[in-house]
1. Counting other Cβ atoms within 10 Å, which trypsin sites (Lys or Arg not before Pro) in segment 113-165 have at most 14 and lie in a DSSP loop?
2. Can you grab the distance from the C-alpha centre of segment 9-51 to the C-alpha centre of segment 89-129, Å, no decimals?
3. Count the lysine pairs in the chain whose Cα atoms sit under 29 Å apart, keeping only pairs 8 or more residues apart in sequence or on different chains.
4. 222 nm [θ] for the chain, helices only, -39500 (n - 2.57) per DSSP H run of 4+, per residue, to 500?
5. Which value, to two decimals, describes the C-alpha radius of gyration of the chain once divided by 2.2 N^0.38 Å?
6. With a 1.4 Å probe and every protein chain left in place, tell me how much accessible area ASP174 has, in Å² to the nearest 10.
7. How do PHE31, PHE116 stack up against each other in accessible area, from largest to smallest, with a 1.4 angstrom probe?
Amino acid sequence: MTMNRSWQTWKTMAHAALALLIAADLCLAFFLWQSSREGPQSVRAQRDRLALEEDLLRADVERGEKIRASLPQVGRDCDAFYRESFLNAATGYSSIQTDMNNMAAKAGVKTSGLTFGQKAIEGRGVTELSMNTSVQADYPAIIRFINIIERSKNFYLLKQLHLASATNGSIKLDITLLTYFRT
């Protein structure tokens with residue numbers, strides 16, 4: 001009886017394995033049937049969409065590699081800008097005073113009351129310097145003065161420009177400029 005029982009067990013297990021194999025085969029046949037229902041146009045369209053996506057991703061990777069390759073040069077350019085455009089705090093005030101007088105003379109304007117305000121910027125290695133002055137001249141001379149400031153070898157930002165008065169073709173402006181010192 002034990003042999004008959006073990007033979008029955010073996011037969012049952014063989015039938016179960018065969019049933020699983022047939023079920024897997026039916027699932028695979030269903031999957032193949034479903035994918036064959038999609039026409040060649042839809043497969044081509046999917047292939048084209050994936051090819052386009054691949055091209056876009058490849059372009060993104062190339063752009064990222066170019067950016068990574070240019071980072072050392074960008075760092076050198078930033079260091080050069082910092083060294084060349086920002087004055088040293090020890091000699092900066094006299095350089096700015098001289099520069100402002102030279103720019104005013106070149107533009108043909110009169111300046112008066114140059115005052116400074118200083119503010120340390122934490123963690124940046126720079127100190128912000130605010131400069132206030134009054135400028136008086138005719139309109140073309142003031143425009144020349146602003147253009148000269150913009151083209152100066154030193155770094156100046158025109159923060160505020162206020163009309164103080166205007167008489168007989170002469171304009172008086174209160175100007176606030178910003179610059180930075182290396183610390």
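The values are calculated or read from the model by the stated rules, or taken from the named source; none is laboratory data. Quick caveat: nothing in here was measured; it's all calculated off a predicted structure. Neighbour counts are summed over all protein chains in view; Cβ atoms, including those assigned to glycine, are modelled from backbone coordinates with ideal geometry. When the accessible area is computed, the model is the full protein with side chains, heavy atoms only, and any ligands, DNA or RNA have been set aside. Shrake-Rupley method; radii C 1.70, N 1.55, O 1.52, S 1.80 Å.
1. Details: sites: LYS119, ARG124, ARG144, ARG151, LYS153, LYS159; in loops: ARG124, ARG151, LYS153.
Here the trypsin sites (Lys or Arg not before Pro) that fit, given the DSSP loop and packing criteria, are ARG124, ARG151, LYS153.
2. Measuring centre to centre over Cα atoms gives 78 Å.
3. Pairs that pass both the separation and distance tests number 12.
4. Working: 4 runs with 110 residues, N = 183.
Value at 222 nm, helices only, nearest 500: -21500 deg cm²/dmol.
5. Values: Rg = 39.0 Å, N = 183, 2.2 N^0.38 = 15.9 Å.
Taking the Cα Rg and dividing by 2.2 N^0.38 Å, one obtains 2.45.
6. Its accessible surface works out to 60 Å², give or take rounding.
7. Working: PHE31 135, PHE116 75 Å².
Final ranking, largest accessible area leading: PHE31, PHE116.
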